[in-house]
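Heads up, the thing below is written out as structure tokens.
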Amino acid sequence: MIRQKIRKTLTFFSFLLYPVTMFYFSPYLIIDAATNGLASGSFVIFVSLFLLSLFVGRLFCGWLCPGAGMQNPLIDMKVVVKPILKGAWIKFIFWAPWMVLIVFVFIASGGFKGIAFFHNIDYGISVSEPMAYIIYYIVITIILGLNLIFGKRAFCKYLCWISPFMIIGRKIRNLIKYPALRLKANTTQCIECKKCNAACPMSIDVHQNVQNGEMEHYECTLCGSCIDTCSRKVIRYGL
């Protein structure tokens, strides 16, 4: 489908831009800037993604994330090792202490003093800054390595430090239940071919969700793969 070609093209270009944007997704620079009471560019980006998730869930993960662009070519890789701990909440084990540390550093520095969007991003990836290359390739190795070992989009499911912001935003939306972008399904049209399960990059049991009449799932990135693979048009976008 043309929609999936557009989506994969967008994530691929996001991946190509990653050498430029990498530091705007940095979990370390948030802490480094916080020591001076400042909000770094990554702090602003993460807050923006949280606010966006209140209305469109994890759409960023499916359509614009550079990590998705890295992992798309390996989407059909089989699981080599099953994780000892199962479930997407594994990433919160790393995320929660990180958040506590950020708050502690801000308090220790005397509180929030302003925004420094370009904090420590003077050069980025450059031949004059070899350390930036090292960081870049370490990040790439971690993301692709997890994908190769634990299966498709493993980094997104088990380690990503950005997705928890959007998961929490989506949980807030579901609690309040105001209109927001989501998936809907017509259960009576389903022929149980389970092509939607095979198409889902996040390994969600989409077929079971259709049967239950509830398409909401905290790992859904609203990529539309299940929509475009279903010949019966059972699944669609809605509000």
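If I ask for residues that are within 24 Å of Ile227 (Cβ to Cβ), of a type outside the set (Gly, Ala, Ser) and either over 15 Å from the mean Cα position of the chain (by Cα) or not in a helix (DSSP H, G or I) (or both), which ones from region 149-161 would you list?
Selection gives Lys152, Arg153, Cys160.
Which residue is nearest to Phe165 (Cα to Cα), if the candidates are limited to region 74-97 and must be at pLDDT 80 or above and exposed (fewer than 14 other Cβ atoms within 10 Å of the Cβ)?
Taking the candidates together, the pick is Ala96.
Looking at this structure, is Thr187 over 30 Å from Ile45 (Cα atoms) and either in contact (Cβ under 8 Å) with a residue 24 or more places away in the chain or among the polar types (S, T, N, Q) (or both)?
Yes.
For the list (1) touching a Pro at 6+ places or on another chain (Cβ under 8 Å); (2) in the same structural domain as Leu54 (by TED's automatic domain parsing), I need the number of the one condition that Asn174 fails.
It fails just one condition, (1).
Name the residues in region 30-60 that are closer than 24 Å to Ile134 by Cβ and buried (at least 20 other Cβ atoms within 10 Å of the Cβ), would you? It would help to see each step written out before you state the result.
Here is the first cut: in region 30-60, the residues closer than 24 Å to Ile134 by Cβ are 30-35, 40-43, 45-46.
Hits for region 30-60 are Ile30, Ala33, Ala34, Ser40, Gly41, Ser42, Phe43, Phe46.
When you check Asn147 against the structure, is it in contact with an Asp or Glu (Cβ under 8 Å, 6 or more places away or on another chain), of a type in the set (S, T, N, Q) and assigned by TED's automatic domain parsing to the domain that holds Ala68, yes or no?
It is false that Asn147 is in contact with an Asp or Glu (Cβ under 8 Å, 6 or more places away or on another chain), of a type in the set (S, T, N, Q) and assigned by TED's automatic domain parsing to the domain that holds Ala68.
If I filter region 4-12 for residues that are more than 30 Å from Asp228 (Cβ to Cβ), assigned by TED's automatic domain parsing to the domain that holds Ala116 and in a helix (DSSP H, G or I), do I get at least one hit?
no
Between a residue in region 158-176 that is more than 13 Å from Thr221 (Cα to Cα) and any residue that is modelled with pLDDT of 95 or more and not in a helix (DSSP H, G or I), which pairs come within a Cβ distance under 6 Å, given they are 6 or more apart or on different chains?
Arg173/Ala180
With respect to the numbered conditions (1) among the aliphatic types (A, V, I, L, M); (2) crowded, with 17+ Cβ neighbours inside 10 Å; (3) assigned to a loop (DSSP other than H, G, I, E, B), which one is the sole condition not fulfilled by Leu146?
In the conditions (1) among the aliphatic types (A, V, I, L, M); (2) crowded, with 17+ Cβ neighbours inside 10 Å; (3) assigned to a loop (DSSP other than H, G, I, E, B), Leu146 misses (3) alone.
The values are calculated or read from the model by the stated rules, or taken from the named source; none is laboratory data. Note that the structure is a prediction, hence the values are computed from the model and not measured. All Cβ positions, even for glycine, are placed from backbone atoms using ideal geometry, and neighbour counts span all protein chains on display.
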